[in-house]
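Reviewing the structure listed below.
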Amino acid sequence: MPSSEIRILPAGFQGVVGCGFRASGYNATVSANIELSDLLQRLHAEAAADRSGHVATYIPELAKADSEAFGVAYCTADGRVGVVGDAEIPFTIQSVSKPFLYGLALDAHGRDAVARRVGVEPTGDAFNAIITLEQQTKRPHNPMVNAGAIAVASMVPGAAPADRLNHLLEGLGRYAGRRLHVDTAIYLSERATGHRNRAMAHLMLNFGMLEGAVEDVLDLYFQQCSVVVTARDLAVMAACLANGGIHPLTGERALDQGHVRDVLSVMFSCGMYDASGRWMHEVGLPAKSGVGGGILAVVPGRMGLAAFSPRLDDHGHSVRGMAVIRAISGALGLHVFGG
Ligand code: GLU
C-alpha cells in the first residue's frame with residue numbers, strides 16, 4: 001500500500017469524534033471522518049519529511065527495522081478506525097506494553113498490593129536508568145521505567161512461566177481485539193543483551209521487591225517487550241483506555257474502569273520518561289513510546305492515537321511518531337487542559 005493511502009475502517013459511522021466537528025446523522029459524521037483522515041494524511045506527509053534520529057541498535061534485532069516505515073492510526077471511542085501509511089506493518093511493542101501490564105497487575109492484585117511494589121513518581125531519568133529505587137520503600141519509582149515494569153512483570157499471575165505468558169498475551173489481546181504473539185528472534189536478542197535490565201532485577205531482588213524466580217521474571221519482561229503489534233493495534237489499544245477500559249469494537253472489557261484513571265495518570269506524568277514534562281506541556285495527552293518505534297496517546301473519552309516510525313531521538317522516542325501526535329493534538333486542540 002502506498003505510504004499516503006487512507007483507509008477508514010470499519011464503516012460504523014454512528015456517533016461523532018469529539019475533535020471540533022459538529023455533526024449529526026450519517027452524512028455529517030462521514031464528513032467528520034473524512035476531515036479527520038484528510039488532516040491525518042497532511043500531518044503524516046509533513047512529519048515524513050523529518051529523517052532525523054536513529055533506529056535502536058542496542059538490541060541487535062531491532063536494528064533490522066525499516067527506518068523509512070511510517071504509519072499513523074486513530075480509533076475513536078465509538079469504534080471508528082482510520083489509518084495512514086504503514087499502519088499495518090508489524091513491529092515489537094517494547095515499552096508501549098508497560099501501561100497495559102500495569103493495568104493487568106492492578107486488575108489482578110488491586111491498587112494497594114501493586115503500590116507496595118511500584119510507585120507513581122516521575123524520575124526525570126532515562127527509561128533504563130539503573131539508580132531508580134525509592135530511598136525509603138525500595139520500590140522502583142513508577143511502572144513506566146524499566147525497573148518498575150520488571151517489578152510489574154513479576155506480578156503477572158500464573159503457576160508456571162507458560163501460564164504467565166499466556167495471561168499476559170490474553171490481557172494485551174483484549175486491548176488489541178485479537179490474539180497477539182511474541183517475535184522470538186527479538187525476544188532472544190533482548191535476552192542475550194539485556195544486562196542492564198538483569199542488573200536492575202537483581203537489585204530489586206536484593207531488596208525483596210520481586211516475586212518469583214528472577215530469570216523467569218526477566219524472561220517474561222523480554223517476551224512482553226517482544227509482542228508484535230501494528231500502529232493500528234496501538235490506536236485501538238489506546239482507544240480502550242479512552243473508552244473507560246472497554247474495547248470500542250469488541251465491547252469486551254480490557255481493564256477495570258476504576259483502574260483506567262491509575263494507568264492514564266502514570267502515563268501522563270511518566271510515560272515519556274525524561275521528556276514527560278515537555279510532552280505534557282506541549283501535547284497534553286497521556287502517552288507511551290517504545291524503542292521499537294511505536295507511540296500511542298489517549299484522548300480521554302474521545303479516541304486513541306498511535307504512530308510507528310523506528311527512527312528514535314536521544315530519549316528513545318520515535319521522532320516522526322512524536323511529531324505527528326504533537327501536530328494532531330495541536331490541530332484539533334486535544335490538550336487535556338484546553339485547546
Ligand atoms: N525492551 C526495552 C528495554 O528493556 C524497552 C525499552 C523501551 O522501549 O523504552 O530496554
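It is to be established whether one or more residues within the stretch 280-289 are more than 15 Å from residue 99 (Cα to Cα), away from the ligand (no atom under 16 Å from the Cβ), without any contact (Cβ under 8 Å) to a residue 40 or more places away in the chain and not in a strand (DSSP E or B). Don't jump to the end; show me each part of the working.
To start, the set of residues in the stretch 280-289 that are more than 15 Å from residue 99 (Cα to Cα) comprises 280-284.
Adding the requirement that they be away from the ligand (no atom under 16 Å from the Cβ) leaves 280-284.
Pick out the ones that are also without any contact (Cβ under 8 Å) to a residue 40 or more places away in the chain and you get 280-281.
Of the ones still in play, those that are also not in a strand (DSSP E or B) are 280-281.
Yes, because at least one residue in the stretch 280-289 is more than 15 Å from residue 99 (Cα to Cα), away from the ligand (no atom under 16 Å from the Cβ), without any contact (Cβ under 8 Å) to a residue 40 or more places away in the chain and not in a strand (DSSP E or B).
Considering the stretch 84-98 alone, what residues qualify as being away from the ligand (no atom under 12 Å from the Cβ), of a type outside the set (D, E, K, R) and under 17 Å from the mean Cα position of the chain (by Cα)? Let's see the steps before the verdict.
From the stretch 84-98, those away from the ligand (no atom under 12 Å from the Cβ) are 84-90; that's our starting set.
Restricting the remaining residues to those that are of a type outside the set (D, E, K, R) gives 84-85, 87, 89-90.
Once the filter is applied, which keeps residues that are away from the ligand (no atom under 12 Å from the Cβ), of a type outside the set (D, E, K, R) and under 17 Å from the mean Cα position of the chain (by Cα), the stretch 84-98 yields 87, 89, 90.
As an exercise: evaluate residue 206 against (1) open to solvent by 10 Å² or more (accessible area, probe 1.4 Å); (2) polar (S, T, N, Q); (3) touching a residue at least 12 places away in the same chain (Cβ under 8 Å) and give the number of the one condition it does not meet.
(3)
For the list (1) within 16 Å of the ligand (Cβ to nearest atom); (2) touching a residue at least 60 places away in the same chain (Cβ under 8 Å), I need the number of the one condition that residue 63 fails.
Failed condition: (2).
Checking the conditions here, which among 104, 40, 36 is over 26 Å from residue 331 (Cβ atoms), away from the ligand (no atom under 16 Å from the Cβ) and buried (at least 18 other Cβ atoms within 10 Å of the Cβ)? Break it down stepwise before answering.
Numbers: 40 fails: over 26 Å from residue 331 (Cβ atoms); 36 fails: over 26 Å from residue 331 (Cβ atoms).
Of the residues listed, the single one that is over 26 Å from residue 331 (Cβ atoms), away from the ligand (no atom under 16 Å from the Cβ) and buried (at least 18 other Cβ atoms within 10 Å of the Cβ) is 104.
Name, by its number, the condition in (1) open to solvent by less than 10 Å² (accessible area, probe 1.4 Å); (2) within 26 Å of residue 45 (Cβ to Cβ); (3) within 13 Å of the chain's Cα centre (by Cα); (4) within 13 Å of the ligand (Cβ to nearest atom) that does not hold for residue 270.
Against the list (1) open to solvent by less than 10 Å² (accessible area, probe 1.4 Å); (2) within 26 Å of residue 45 (Cβ to Cβ); (3) within 13 Å of the chain's Cα centre (by Cα); (4) within 13 Å of the ligand (Cβ to nearest atom), residue 270 comes up short only on (2).
Quick grid of which residues meet (1) under 15 Å from residue 148 (Cα atoms); (2) open to solvent by 10 Å² or more (accessible area, probe 1.4 Å); (3) in contact with a strand residue (DSSP E or B) (Cβ under 8 Å, 6 or more places away or on another chain):
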{"site": "192", "(1), (2), (3)": "no, yes, no"}
{"site": "210", "(1), (2), (3)": "yes, yes, no"}
{"site": "231", "(1), (2), (3)": "no, no, yes"}
{"site": "234", "(1), (2), (3)": "no, no, yes"}
{"site": "250", "(1), (2), (3)": "no, yes, no"}
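Could you please give the count of residues in the stretch 132-146 that are within 16 Å of the ligand (Cβ to nearest atom) and more than 13 Å from residue 121 (Cα to Cα)? Please lay out each step first, then the result.
Taking the stretch 132-146 as the starting set, the residues that turn out to be within 16 Å of the ligand (Cβ to nearest atom) are 132, 140-146.
Keeping just the survivors that are more than 13 Å from residue 121 (Cα to Cα) gives 146.
Qualifying residue count for the region: 1.
When the residues of the stretch 290-319 are narrowed to those that are within 16 Å of the ligand (Cβ to nearest atom) and either of a type in the set (D, E, K, R) or over 23 Å from residue 88 (Cβ atoms) (or both), which ends up modelled with the highest pLDDT?
Checked the stretch 290-319; the qualifying residue modelled with the highest pLDDT is 311.
Considering only residues that are within 18 Å of the chain's Cα centre (by Cα) and either polar (S, T, N, Q) or open to solvent by 30 Å² or more (accessible area, probe 1.4 Å) (or both), look in the stretch 108-150 and name the one that is nearest to residue 270 (Cα to Cα).
The initial filter retains those residues of the stretch 108-150 that are within 18 Å of the chain's Cα centre (by Cα), namely 120, 122, 126-128, 142-150.
Add one more test, that the residue is either polar (S, T, N, Q) or open to solvent by 30 Å² or more (accessible area, probe 1.4 Å) (or both), and what stays is 120, 122, 126, 128, 142, 146.
Numbers: 120: 8, 122: 5, 126: 11, 128: 13, 142: 7, 146: 12 Å.
Among them, the one singled out is 122.
Specify which of the listed residues (115, 129, 45) is within 16 Å of the ligand (Cβ to nearest atom), of a type in the set (A, V, I, L, M, F, W, C) and out of contact with any helix residue (DSSP H, G or I) (no Cβ under 6 Å at 6 or more places or on another chain).
Details: 115 fails: within 16 Å of the ligand (Cβ to nearest atom); 45 fails: within 16 Å of the ligand (Cβ to nearest atom).
Selected residue: 129, the only one of 115, 129, 45 that is within 16 Å of the ligand (Cβ to nearest atom), of a type in the set (A, V, I, L, M, F, W, C) and out of contact with any helix residue (DSSP H, G or I) (no Cβ under 6 Å at 6 or more places or on another chain).
For the condition under 14 Å from the mean Cα position of the chain (by Cα) and either in contact (Cβ under 8 Å) with a residue 24 or more places away in the chain or farther than 18 Å from residue 142 by Cα (or both), what is the one hit in 333, 304?
On the way: 333 fails: under 14 Å from the mean Cα position of the chain (by Cα).
Only one candidate passes the filter, namely 304.
Take residues that are within 16 Å of the ligand (Cβ to nearest atom) and over 18 Å from residue 90 (Cα atoms) and tell me which of the helices (runs of 4 or more DSSP H) falling wholly in the stretch 152-246 contain 1 or more. Explain how you work it out, then say what you get.
Values: elements: 161-176, 184-193, 195-206, 214-225, 231-242.
Where helices (runs of 4 or more DSSP H) fall fully within the stretch 152-246 and carry at least 1 residues being within 16 Å of the ligand (Cβ to nearest atom) and over 18 Å from residue 90 (Cα atoms), they are 161-176, 184-193, 195-206, 214-225.
Working only within the stretch 155-199, note down all residues that are of a type in the set (Gly, Ala, Ser) and more than 20 Å from residue 290 (Cα to Cα). Outline the logic, then answer.
Our first condition is that a residue be of a type in the set (Gly, Ala, Ser); within the stretch 155-199, this holds for 158-160, 162, 171, 173, 176-177, 185, 189, 192, 194, 199.
Matches in the stretch 155-199: 158, 159, 160, 162, 177, 199.
What is the one condition in (1) surrounded by 15 or more Cβ atoms within 10 Å (Cβ to Cβ); (2) among the acidic types (Asp, Glu); (3) assigned to a helix (DSSP H, G or I); (4) modelled with pLDDT of 95 or more that residue 61 does not satisfy?
Only one criterion in (1) surrounded by 15 or more Cβ atoms within 10 Å (Cβ to Cβ); (2) among the acidic types (Asp, Glu); (3) assigned to a helix (DSSP H, G or I); (4) modelled with pLDDT of 95 or more is unmet by residue 61, namely (4).
Answer with yes or no whether residue 120 is away from the ligand (no atom under 14 Å from the Cβ), in contact with a Cys (Cβ under 9 Å, 6 or more places away or on another chain) and at pLDDT 95 or above. Show your work before the answer.
Working: away from the ligand (no atom under 14 Å from the Cβ): yes; in contact with a Cys (Cβ under 9 Å, 6 or more places away or on another chain): yes; at pLDDT 95 or above: yes.
So residue 120 passes the test.
If you scan the stretch 147-190, which residues turn out to be closer than 28 Å to residue 207 by Cβ and in contact (Cβ under 8 Å) with a residue 60 or more places away in the chain?
The answer is 149, 150, 153, 154, 156, 167, 168, 171, 190.
The values are calculated or read from the model by the stated rules, or taken from the named source; none is laboratory data. Bear in mind the structure is a predicted one, so any value in this text is a computation, not a measurement. When we count neighbours, we look across all protein chains shown, and the Cβ atoms used for this are built from the backbone with ideal geometry, even at glycine. Surface areas here come from the heavy atoms of the whole protein model, side chains and all, with no ligands, DNA or RNA. Shrake-Rupley method; radii C 1.70, N 1.55, O 1.52, S 1.80 Å.
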